[in-house]
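**Student:** Here it is, the structure in full.
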Amino acid sequence: MNETLHLTLKVWRQKDGHSKGHFETYKADNIDSHASFLEMLDVVNDRLAIQGIEPIAFDHDCREGICGACGAVINGRAHGPMSRTTLCQLHMRNFNNNDTIVIEPFRAKALPVVKDLVVDRSGFDRILSKGGFVSVRTGGTPDANATPIAKTKADLAMDAAQCIGCAACVAACPNAAAMLFVSAKVSHLALLPQGEVEKKERVTNMVAQMDQEGFGNCSNEYLCEAACPKGISITNIARMNRQYLASSVIPA
Amino acid sequence: MSLNSNIPSGPLSDKWTEHKFNLKLVNPANKRKFTIIVVGTGLAGASAAASLAELGYNVLNFCFQDTPRRAHSIAAQGGINAAKNYPNDGDSVHRLFYDTIKGGDFRAREANVHRLAEVSNNIIDQCVAQGVPFAREYGGLLDNRSFGGAQVSRTFYARGQTGQQLLLGAYSALMKEVGKGSVKLFPRREMMELVLVDGVARGIIIRNLVTGQLESYAGDAVILATGGYSNAYFLSTNAMGCNVTAAWRAHKKGAFFANPCYTQIHPTCIPVHGDYQSKLTLMSESLRNDGRVWVPKQKGDKRSPASIPEADRDYYLERKYPSFGNLVPRDLASRNAKTVCDEGRGVGSTGLAVYLDFADSIKRLGHKVIQERYGNLFEMYERITGSDPFKEPMMIYPALHYTMGGLWVDYNLMSTIPGLHVLGEANFSDHGANRLGASALMQGLADGYFVIPYTVGHYLASQPIPKIDTSHPAFKAAELETSTRISQLLSIKGKRTVDDFHRELGMLLWDKCGMGRTEEGLQEALVKIPQIREEFWQNVTVTGSEGELNQTLERAGRVADFLEFAEVLVTDALHRKESCGGHFREESQTPEGEALRQDDTFCYVGAWEFKGVGQAPVLHKEPLTFEAVSLSQRSYK
Ligand SMILES: Cc1cc2nc3c(=O)[nH]c(=O)nc-3n(C[C@H](O)[C@H](O)[C@H](O)COP(=O)(O)OP(=O)(O)OC[C@H]3O[C@@H](n4cnc5c(N)ncnc54)[C@H](O)[C@@H]3O)c2cc1C
Ligand code: FES
């Protein structure tokens, strides 16, 4: 059944990357419990706009949990209280009437705030440009069925390939590490015969860029896995570490 | 101006091969002297940018998201078609061609569709080579599934995330070129204007969405791969940022808009449940394989579904279409849902929904089988609605999903503006009046990987392209136009929000130019659209300023363009007095209430020329001729 919620929001407001930010308190009255979290923010934003107050900026696009654009820290948890759920798929029926909700951007040195809840995740693109691909050109590729791939392997690769690049793993990690993200791509490609050829250069170059971007190191806290809306497994990190070690011992 | 489709002569199946041979080539050493602007990083844009950079061109690639990987293509679920015939069930290039032409209700070009079918197999090879993890069988080979409108299994898929995996494949190819420096990437940039020099597309004006600054970029050719315009209807299955701005700006500079009234409405979406709603989520069409669609027989029956006995239920699709039942094509399923709701038999709190009931299948196949087939979808449905489809029937309703219309392009994918090429959902080229499932992904990648790399070279090699840069006065003029429009939006300081206007326009289009269209309703819409637009320019409120990240301003610009575009959309629907594919004119139906095409009068592409805001656009016709197929009326009884 739908219910009407009256909420208090404490929202991080920050004009731009150079300004200091602060929390603002807003009332969010008469929110339908069937609304999604972002729809709740839309309603609040529309009310702010009518009062001439600038709406809260947040990234979003698909609102289906697949593009990876949305994300914020809700009451201390990246993407909020529901496991395996992006912020756009979180619905207000998971909150209670009169709740106070604290909403902050993902925080990490390598994810600087652009405005309010919007952060700069371009470091992820730069890491992938160093090796998150198979070096094939368009055209001249063999028939798709020329190389059989065991279903179990293909499924494992798909598990890793599901990463949406939202950066919740970084936000959840006390060291602001990007190991879950990087290892998901390294694993996806290394598990397939097409990607295996370049696996040594790939892991070396991607890890080097990850360090350069200022992401931290993994100390096995497992918080990334818990925050990941797509259930990317931490075993990918172990797989990446093994490859990294192997490629630094035996030069590529 | 006359439309020249540049379709090569010769037998249908040789046209593309011959044409490729006849296209001019750019000398490898000269390619790096050319700069190509690609707007869009979806399947079409990313594949084009990567492929052109591999050839040696200098590529500038733009998108409005924070990274190319988030383009709307990421959300496609079902799959991608190809004529591989791996299941040995009788598929072929010719059959894929035929199904696509028929599915498009005989309103697409034969030559384009044949080329699409020809390159479909290369796409699958390309994706596998990139490491796209398609679903596989236990023997290690690729798995296929079947999809609406086809009797063979030709759809390749990666769980329920095919679009994601294909886009990440194209994105990886793109990032490989970014790493090499051959593509320069410009995320969080929105194209505001196309720049013409001497009538030729030579650049774009973009707004940097972080700093708010306007930036100019010059190139030797411009490619738009900016997606479809479903969001004109406010609520749709598309991502929130999808827009018509880039295409509309090009249209205003001389690119014809073809068949804008061909829109696709998907029958199985989660219904609207409140005015706060921002989008409609697609539930995969595959659900209709095991779900039965019904509504109560009696108007206003408010009993819970479980307490409505069999005798009081109307399984209307099974009743009306005994041979296809719940699996009729998208347009029929959608239209019939509307009819029963219009009769007052709709369900749910708004009366705008029908049941999709799995109870019988659960009884017949068991909980476990249904869980395996649809577990993910049921979970997603429950997450959104809070209701469990194992216990209660799902509620579904049709929603705007895809737009077959788009900028007119010739066989080389060039628009009526020399140098401006259009790819993917943004062009009109391959789907006629209705698109079959799993064919949009195929078209986007065909255009980007296998068509444009040839045809753009031909364009560049065919005429001298004078050197210019952004100091040319045309850039200054276009920048000024853009900044004037932005200042105007910010200065209105009215009383209604951008979304409020967008919602009003969307509801009008949905009512008058949605699933069923009438002369009277369309006339009414043509009166109302200019009124909404006028009020928008007097009473919208856009907070914040120009020189910063300002999402309200971004939306305001897009809605302003939808408000102009909507008129040509409705004008097209009004002029096309026949029903075909996704365009159902209630005046043109068979005695059984099915869509009635009028091939004698309307067998053409309708391409509209811009004449000014609020001025009637001018229609140009490109006749469609069919040599390989004979036109027939669809029947699914
Ligand atoms: C929910 C859903 C499921 C679908 N499932 C399937 C399926 O299973 N099979 C299938 O074949 N098809 C499916 N489709 C359709 C298909 O996904 C799309 O038609 C296709 O992905 C469009 O690709 P594109 O490259 O043309 O455009 P898009 O992916 O929409 O990309 C557009 C690009 O242009 C950029 N852009 C747009 N405007 C501007 C601007 N003004 N300035 C700068 N950049 C701009 C965007 O940033 C983006 O990068 C589905 C669609 C939806 C909505
Ligand atoms: S908006 Fe796309 S994942 Fe949330």
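**Student:** Can you give the FRET efficiency for residue B:275 and residue B:613, using 1/(1 + (r/R0)^6), R0 = 30 Å, r = Cβ-Cβ distance, to the nearest 0.05?
**Tutor:** 0.55
**Student:** In degrees between 0 and 90, to the nearest 10, how far off the longest principal axis of chain B does helix B:330-342 point, with axes built from Cα atoms?
**Tutor:** 60 degrees
**Student:** Report the equivalent ellipsoid semi-axes for region A:122-249 in whole Å, largest first, defined as the square roots of five times the eigenvalues of the gyration tensor built from alpha carbon atoms.
**Tutor:** 25, 16, 13
**Student:** For chain B, what mean projected area does the convex hull of the alpha carbons give, in nm²?
**Tutor:** Average projection, Cα convex hull of chain B: 27.7 nm².
**Student:** Also, I was wondering about something else. For chains B and A, what's the summed buried accessible area, probe 1.4 Å, to the nearest 100 square angstrom?
**Tutor:** Chains B and A together bury roughly 6100 Å² of accessible area.
**Student:** Taking Cα pairs under 8 Å and at least six residues apart, what relative contact order does region A:26-77 come out at, in percent?
**Tutor:** Computed value for region A:26-77: 19 percent relative contact order.
**Student:** If you don't mind, another one. How long is region B:455-556 along each principal axis, judged by its Cα atoms, biggest number first, in Å?
**Tutor:** Over region B:455-556, Cα extents along the principal axes are 50, 38, 21 Å.
**Student:** I've got another one for you. Give me the net charge of residue A:6's neighbourhood, meaning all other residues with Cβ under 13 Å from the Cβ of residue A:6; Lys, Arg count +1, Asp, Glu -1.
**Tutor:** Net local charge, residue A:6 excluded: -3.
**Student:** Normalised by the number of residues in chain A, what is the relative contact order in percent for Cα pairs under 8 Å and 6+ residues apart?
**Tutor:** 19 percent
**Student:** Over all residues in B:441-453, what is the mean tally of Cβ atoms on other chains that come within 10 Å of each residue's Cβ?
**Tutor:** 1
**Student:** While we're on this one: Find the centroid of the Cα atoms in region B:506-577 and in region B:87-161, then give the distance between the two in whole Å.
**Tutor:** A separation of 36 Å, based on Cα centres.
**Student:** Relative to the longest principal Cα axis of chain A, at what angle does helix A:179-190 sit, 0 to 90 degrees, rounded to 10?
**Tutor:** Computed tilt is about 40 degrees.
**Student:** Is the C-alpha gyration tensor of region B:175-225 telling us rounded, prolate or oblate? Criteria: a/c under 1.5 is rounded; beyond that, a/b larger than b/c is prolate, otherwise oblate.
**Tutor:** Oblate shape, in that a/c is at least 1.5 and b/c is the bigger or equal ratio.
**Student:** Enumerate the calculated ³J(HN,Hα) couplings along region B:246-259 in order (Karplus 6.51 cos²θ - 1.76 cosθ + 1.60, θ = phi - 60°), each rounded to whole Hz, writing x wherever the residue is Gly or Pro.
**Tutor:** 4, 5, 5, 4, 5, 4, 5, 9, x, 7, 6, 9, 9, 6
**Student:** Report relative contact order for region B:473-623 in percent, whole number only (criteria: Cα-Cα under 8 Å, sequence separation at least 6).
**Tutor:** It comes to 23 percent, rounded to a whole number.
**Student:** From the gyration tensor of the Cα coordinates in region B:267-400, what semi-axes in whole Å does the equivalent ellipsoid have, largest first, with each one equal to sqrt(5λ)?
**Tutor:** The equivalent ellipsoid of region B:267-400 has semi-axes of 20, 18, 15 Å.
**Student:** Sorting B:467, B:84 by accessible area (1.4 Å probe), largest first, what list results?
**Tutor:** Largest to smallest exposure gives the sequence B:467, B:84.
**Student:** Label residue B:586 and residue A:249 with points 7 Å out from Cα along Cα→Cβ: what is the distance between them in nm?
**Tutor:** Each label point lies 7 Å from its Cα, and together they span 7.6 nm.
**Student:** Shifting gears a bit: For residue A:178, what residues show an amide H to amide H distance below 5 Å, using hydrogens built from the backbone and excluding near sequence neighbours?
**Tutor:** For residue A:178, whose amide H was placed from the backbone, the distant partners under 5 Å are A:216.
**Student:** In region B:106-209, if every C-alpha pair distance is counted and binned at 5 Å from zero, what percent goes to each bin?
**Tutor:** 2, 9, 11, 14, 15, 14, 14, 10, 6, 2, 1, 0
**Student:** Here's something else I'd like to know. Angle check, please: helix B:473-492 long axis (alpha carbons) against the longest principal axis of chain B (alpha carbons), in degrees 0 to 90, nearest 10.
**Tutor:** So the inclination is approximately 50 degrees.
**Student:** Same structure again: Go ahead and run the numbers for FRET between residue B:518 and residue B:368, Cβ-Cβ distance against an R0 of 45 Å, rounding to 0.05.
**Tutor:** About 0.40, to the nearest 0.05.
**Student:** May I pose another question? Ordered by packing density, taken as the mean number of other Cβ atoms within 10 Å over each peptide's residues, highest first, how do B:489-496, A:79-86 rank?
**Tutor:** The most tightly packed comes first, giving A:79-86, B:489-496.
**Student:** While we're looking at this one, here's another question. Taking the Cα centre of each part, how many Å lie between region A:198-220 and region B:20-43?
**Tutor:** Their Cα centres are 34 Å away from one another.
**Student:** For region B:272-298, which residues drop by 40 square angstrom or more in accessible area between the chain on its own and all protein chains together (1.4 Å probe)?
**Tutor:** B:276, B:278, B:279
**Student:** Per residue, what accessible area does the protein assembly as shown have, given a 1.4 Å probe and all protein chains present, in Å²?
**Tutor:** With the other protein chains kept in place, the protein assembly as shown gives 36 Å² per residue.
**Student:** So if we plug the beta-carbon distance of residue A:30 and residue B:534 into 1/(1 + (r/R0)^6) with R0 = 30 Å, what FRET efficiency do we get, rounded to 0.05? Don't skip to the answer; put the middle values down first.
**Tutor:** Numbers: r = 31 Å, r/R0 = 1.05.
The pair residue A:30/residue B:534 has a calculated efficiency of 0.45.
**Student:** Can you give the translational diffusion coefficient of region B:236-300 in µm²/s, computed by Stokes-Einstein from the Kirkwood radius over Cα pairs at 20 °C and 1.002 mPa s?
**Tutor:** Answer, rounded: 137 µm²/s.
**Student:** At 7 Å along Cα-to-Cβ for each site, give me the label-to-label distance between residue B:252 and residue B:625 in nm.
**Tutor:** Computed distance between label sites residue B:252 and residue B:625 equals 3.8 nm.
**Student:** When the Kirkwood hydrodynamic radius is evaluated over all pairs of different C-alpha atoms of chain A, what value in angstrom, to one decimal, is obtained?
**Tutor:** Working: mean 1/r = 0.0508 Å⁻¹.
For chain A, the Kirkwood estimate is 19.7 Å.
**Student:** Enumerate the residues in region A:1-21 having an amide nitrogen under 13 Å from the point lying 7 Å beyond the Cα of residue A:120 toward its Cβ.
**Tutor:** Under cut-off, by backbone N: A:16-19.
**Student:** To continue, here is another question. Which whole-angstrom value gives the distance between the alpha carbon centres of region B:405-421 and region B:186-256?
**Tutor:** 15 Å
**Student:** Can I get the semi-axes of region A:13-152's equivalent ellipsoid? Compute them from the C-alpha gyration tensor as square roots of 5 times the eigenvalues, in angstrom, largest first.
**Tutor:** Equivalent ellipsoid of region A:13-152: 37, 20, 14 Å, largest first.
**Student:** Stick to Cα atoms and the Kirkwood definition of Rh, then tell me Rg/Rh for region B:473-623. If you can, show how the numbers build up before the last one.
**Tutor:** Values: Rg = 18.5 Å, Rh = 17.4 Å.
The Rg/Rh ratio comes out at 1.07.
**Student:** Lysine pairs in region B:473-623 8 or more apart or on different chains: how many have alpha carbons under 24 angstrom apart?
**Tutor:** The result is 11.
**Student:** Of A:48, A:90, A:223, which is the most mobile in a GNM of chain A whose springs link Cα atoms less than 10 angstrom apart?
**Tutor:** A:48
**Student:** So what's the net charge close to residue B:522: Lys and Arg +1, Asp and Glu -1, counting the other residues with Cβ under 15 Å from its Cβ?
**Tutor:** -3
**Student:** Translational D (Stokes-Einstein, µm²/s) of the protein assembly as shown at 37 °C and 0.692 mPa s when Rh comes from the Kirkwood sum over C-alpha pairs?
**Tutor:** The estimated diffusion coefficient comes to 118 µm²/s.
The values are calculated or read from the model by the stated rules, or taken from the named source; none is laboratory data. This is a predicted model, so every value here is computed, not measured. Note that we place each Cβ from the backbone using ideal geometry, even for glycine, and neighbour counts take in every protein chain shown. SASA here: full protein model, heavy atoms, side chains in, ligands and nucleic acids out. Shrake-Rupley method; radii C 1.70, N 1.55, O 1.52, S 1.80 Å.
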